[in-house]
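To start, the structure itself, in structure tokens.
No value in this document is a laboratory result; all are computed from the given coordinates. Computed from a predicted structure; not experimentally measured. Cβ atoms come from the backbone with ideal geometry, glycine included; neighbour counts cover every protein chain shown.
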Amino acid sequence: MPALSTPPAIIITFDEGGEVSKYIQRERAWEAQKRRIIVRGLCGSACTIYLKSPFLCAEPTAQFAFHESYLRRGKSETALVDPESNSYMLQWYPQRIREFIASQGGLTTTPVYLEGRWMQQLVPQCK
């Protein structure tokens, strides 16, 4: 019987985020495939959805950036804060990550960074 191959790891070196629904779809697919997610650099905004994955690990150079969700109706229009999306995003995070965000003042327009000592305490480290 042939050995089952392990899917290649996803390696994140720089991801500023984007549309939340696309990241949720990817996270669900990768979790179903048991794909390892290795964060080596910036994982910001919607990318932080991947923190839900039991297959995610972070290297010492990893950095996670959290901020309020917002809606932009057109390219020239001002972005509007989306409280419903903020609540939805927070539900995806493990409890320890939600507590960290709350301890930093919660989600605001100013990013909250999880890196260094805090990141090493709260996110599984790659081995």
- request: Quick one: among Leu114, Leu71, Leu56, which has the greatest mean-square fluctuation in a GNM of the chain with alpha-carbon springs under 10 angstrom?
  value: Leu71
query: In the chain, what percentage of the DSSP-assigned beta bridges are antiparallel, given to the nearest 5?
result: 35 percent
- prompt: Based on Cβ point charges of +1 for Lys and Arg and -1 for Asp and Glu, what charge dipole magnitude is obtained for the range 10-122 about its Cα centre, in debye rounded to the nearest 20?
  reply: 360 debye
field: Approximate spin-label separation Arg28-Glu16, in nm, with each point projected 7 Å along Cα-to-Cβ
entry: 2.7 nm
- prompt: With the dipole of the range 26-69 worked out from charges on the C-beta (+1 for Lys and Arg, -1 for Asp and Glu) around the Cα centre, which of His67, Cys47, Ala32 lies farthest toward the positive end?
  reply: Ala32
task: Take every Cα pair under 8 Å in the chain that's 6+ residues apart, average their separations, divide by the length, and report that relative contact order as a whole percent.
output: 24 percent
query: Hey, what number do you get for the chain at 222 nm if only DSSP H runs of n ≥ 4 count, each worth -39500 (n - 2.57), divided across all residues, to the nearest 500?
result: -9000 deg cm²/dmol
query: If you line up the long axis of helix 20-32 against the longest principal axis of the chain, both from Cα atoms, how many degrees apart are they, to the nearest 10?
result: 20 degrees
- line: The simple spin-label model distance between Asp82 and Ala102, using points 7 Å out along Cα→Cβ, in nm, is 2.4 nm
statement: The number of Lys pairs in the chain whose alpha carbons lie under 23 Å apart, excluding pairs fewer than 8 residues apart on one chain, is 6
field: Per DSSP, loop trypsin sites (Lys or Arg not before Pro) in the range 1-57 with at most 16 further Cβ within 10 Å
entry: Lys34
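Give the whole-number value, in cubic angstrom per residue, of the convex hull volume spanned by the C-alpha atoms of the range 10-122.
Dividing the Cα hull volume of the range 10-122 by its residue count gives 102 Å³.
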statement: With Cα coordinates, the longest principal axis of the chain makes an angle with the long axis of helix 83-92, in degrees rounded to 10, of 20 degrees
